[in-house]
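Asks: Quick one: the structure is below, and I'll ask about it shortly.
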Amino acid sequence: QLVYPHDFRLTEKEKTSICYLSFPDSYSGGLGDTQFSFRLRQAGGSRNSPFQDDGRYNREAPLTLQREASHYFGYVYFRQVKDSSMRRGYFQKSLVLVSRLPYVNLFQCLLQLIAPEYFDKLEPCLEAVCNEIDQWPPPVPGQTLNLPVMGVVIQVRIPSRVDKPGSSPVKQCNQENLLPAPLVLPSVHELDLFRCFQPVLIHIQMLWELMLLGEPMVVMAPSPTVSSEMVLALTSCLAPLRYCCDFRPYFTIHDSEFKEYTTRTQAPPNIVVGVTNPFFIKTLQHWPHILRVGEPRMSGDLPKQVKVKKLAKLKTLDTKPGIYTSYKTFLHKDKTLIKRLLKGIQRKRPSEVQSALLRRHLLELTQSFIIPLEHYMASLMPLQRAITPWKNPPQIRPFCQEDFMKSLEHAGPQLTCVLKGDWLGLYRRFFKSPNFDGWFRQRHREMTQKLEALHLEAICEADIVAWMKDKSEVEIVDLVLKLREKLVRARCQHLPVKEETLQRVSLYIDTIIGSLPEDLQAVLHH
């Protein structure tokens, strides 16, 4: 019905997809308000984002919270109430916030403030809200922001790449006493993992492995809320490692990728997809891992845990909750985690404390797995003394899987993790996954940039006048052009180089040009 701000361009295909994704696609008898989220592939070429920040945000934000380049997130507030004046006897409407940022907590909190008001006052309300949001500062990683909207100030801290993983969010102290007192969100994005994983706590190990390996997985849930929360919880359980596969927190039969995902002529794609329509049980039963969850029940004791079942047991009509898979885990189950969570339930520990336990466990598991890879990768970096000013920087040595496997004997995950099992098998399988590819490319890019930076520093330390003594004009002009190119690249790619180093290189270039005949000087200055 309405897009705000009016100048935001969506293609017709995107509009249609957003409409379908903004409503529950199977009968939901529940009345009242529900919130859920989806993720949508951008249609038709890249478009300029209205936020021009030369990529600074993505360089400083944690990899898991980068701004998406080719997908949108949709955050939905859906209201369904009886209304005899409507043709169907119900008022059904959704307000959707579209963003490239995965700030699920912040945006759902914002919708809780805006949506009830919007359903009541309609367009003027959105206009007022947009005017306020226009005044918000950009999200700068590491900063605490106060965001005023509708008489409330939401206070959030934007996470940064330099935050220590697993550290609790910094307690926000506020010098200026804000009135009214701000609504403080402990995190822009972290879900209540304990609540999300309620029915599958004893299988957390298996789910972590399936995510790590980028296995295709379907989450079948009773509502878009349960579906989207479970998918987002699953994809977040590898942090700080980035989940590099596709994921759809909520997916409907009207989606343009429906055919692509349901075809049986090729293997299912590496994707976690959340669905609610029972029709999917039939169309996706050839997928290797199907997680069926029921309505969440937060009772005083450990909720009923789903069982692992054979895929052949997947009944089309009445599918009982369970993990339908023939996957055998590489690592043994961690019984201590379950015992600690059970103790927490008995002692009526708050959900956020249980979530912190769970998140810490997953973080330690991921770190035990990734640290040996980081160590091996660091060993491929050329020695600093091999970097000389007048030669191209040496190459990073190639990643050899067998060498890495040998290194595990003395520096493997067993040093930091008590879990026994087939770690080698897990690494071998990981090497075939998009998550390894994504991790490796990111690391390789960072190391290449570090080499470039070290090379620039080596040039700064060199005695340029001595080098020029026995060089021809051609060689000197060639050096000027190369140095210029390096300088441009350092600035464009924001290499980790001190500003003074760049200024010294710039000065060097001027010095060299100054020593050349005037006709050449004119050409080079031009």
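The values are calculated or read from the model by the stated rules, or taken from the named source; none is laboratory data. In this text the structure is predicted, and so the values were computed from the model without any measurement. Methodologically, a virtual Cβ is constructed for each residue, glycine included, from the backbone with ideal geometry; neighbour enumeration extends over all protein chains shown. Accessible surface is based on the protein model in full, side chains and every heavy atom, while ligands, DNA and RNA are left aside. Shrake-Rupley method; radii C 1.70, N 1.55, O 1.52, S 1.80 Å.
Asks: Could you give every pair whose Cβ atoms fall below 6 Å, whose first residue belongs to region 3-18 and is within 22 Å of C125 (Cα to Cα) and not assigned by the TED database to the domain that holds L97, and whose second residue is part of a helix (DSSP H, G or I) and of a type outside the set (A, V, I, L, M), counting only separations of at least 6 or pairs across chains?
Replies: Listed by first residue and then by second, the contacts come to Y4/C130; P5/C130.
Asks: Out of all the residues in region 392-403, is one or more touching a helix residue (DSSP H, G or I) at 6+ places or on another chain (Cβ under 7 Å) and β-branched (V, I, T)?
Replies: Scanning region 392-403 turns up at least one residue that is touching a helix residue (DSSP H, G or I) at 6+ places or on another chain (Cβ under 7 Å) and β-branched (V, I, T).
Asks: Next question. Are there any helices (runs of 4 or more DSSP H) wholly within region 413-526 with 3 or more residues that are over 30 Å from I338 (Cβ atoms) and open to solvent by less than 20 Å² (accessible area, probe 1.4 Å), and if so which?
Replies: 434-461, 473-492, 499-514
Asks: Tell me yes or no: at least one residue of region 187-197 is in the same structural domain as G438 (by the TED database) and farther than 27 Å from R79 by Cα.
Replies: There is no residue in region 187-197 that is in the same structural domain as G438 (by the TED database) and farther than 27 Å from R79 by Cα.
Asks: Ok, one more. When you scan region 272-299, how many residues do you find that are of a type in the set (D, E, K, R) and within 11 Å of M220 (Cβ to Cβ)?
Replies: So the answer is 1.
Asks: For region 300-316, check the following and say yes or no: at least one residue is at pLDDT 85 or above, in the same structural domain as D422 (by the TED database) and under 17 Å from L212 (Cβ atoms).
Replies: There is no residue in region 300-316 that is at pLDDT 85 or above, in the same structural domain as D422 (by the TED database) and under 17 Å from L212 (Cβ atoms).
Asks: Considering region 278-293 alone, what residues qualify as being buried (at least 16 other Cβ atoms within 10 Å of the Cβ) and assigned to a loop (DSSP other than H, G, I, E, B)?
Replies: L284, Q285, W287, P288, V293
Asks: Check every one of the strands (runs of 3 or more DSSP E) wholly within region 49-164 and list those with 1 or more residues that are in contact (Cβ under 8 Å) with a residue 60 or more places away in the chain.
Replies: The strands (runs of 3 or more DSSP E) meeting that bar are 71-82, 90-99.
Asks: Residues being modelled with pLDDT under 90, closer than 30 Å to E209 by Cα and basic (K, R): count how many of those fall in region 419-472.
Replies: The number of residues fulfilling the criteria is 1.
Asks: P222 fails exactly one of the following numbered conditions: (1) open to solvent by less than 30 Å² (accessible area, probe 1.4 Å); (2) in the same structural domain as P303 (by the TED database). What is the number of that condition?
Replies: (1)
Asks: Any idea which residue in region 21-33 is nearest to R88 (Cα to Cα), counting only those that are surrounded by 18 or more Cβ atoms within 10 Å (Cβ to Cβ) and at pLDDT 85 or above?
Replies: Step by step, filter region 21-33, then rank; the result is P24.
Asks: Kindly indicate whether any position in region 227-236 is open to solvent by 10 Å² or more (accessible area, probe 1.4 Å) and over 21 Å from P434 (Cα atoms).
Replies: yes
Asks: Something else about it: Return the residues of region 1-25 that are over 23 Å from P224 (Cα atoms), not hydroxyl-bearing (S, T, Y) and not in a helix (DSSP H, G or I); say none if nothing qualifies.
Replies: Selection gives P5, H6, D7, F8, R9, L10.
Asks: Which one of these does P159 not meet: (1) modelled with pLDDT of 90 or more; (2) in contact with a Pro (Cβ under 6 Å, 6 or more places away or on another chain); (3) open to solvent by 50 Å² or more (accessible area, probe 1.4 Å)?
Replies: Condition (3) is where P159 drops out.
Asks: For region 365-389, enumerate the residues that are surrounded by fewer than 16 Cβ atoms within 10 Å (Cβ to Cβ) and part of a helix (DSSP H, G or I).
Replies: Matches in region 365-389: E374, H375, A378, Q384, R385, A386.
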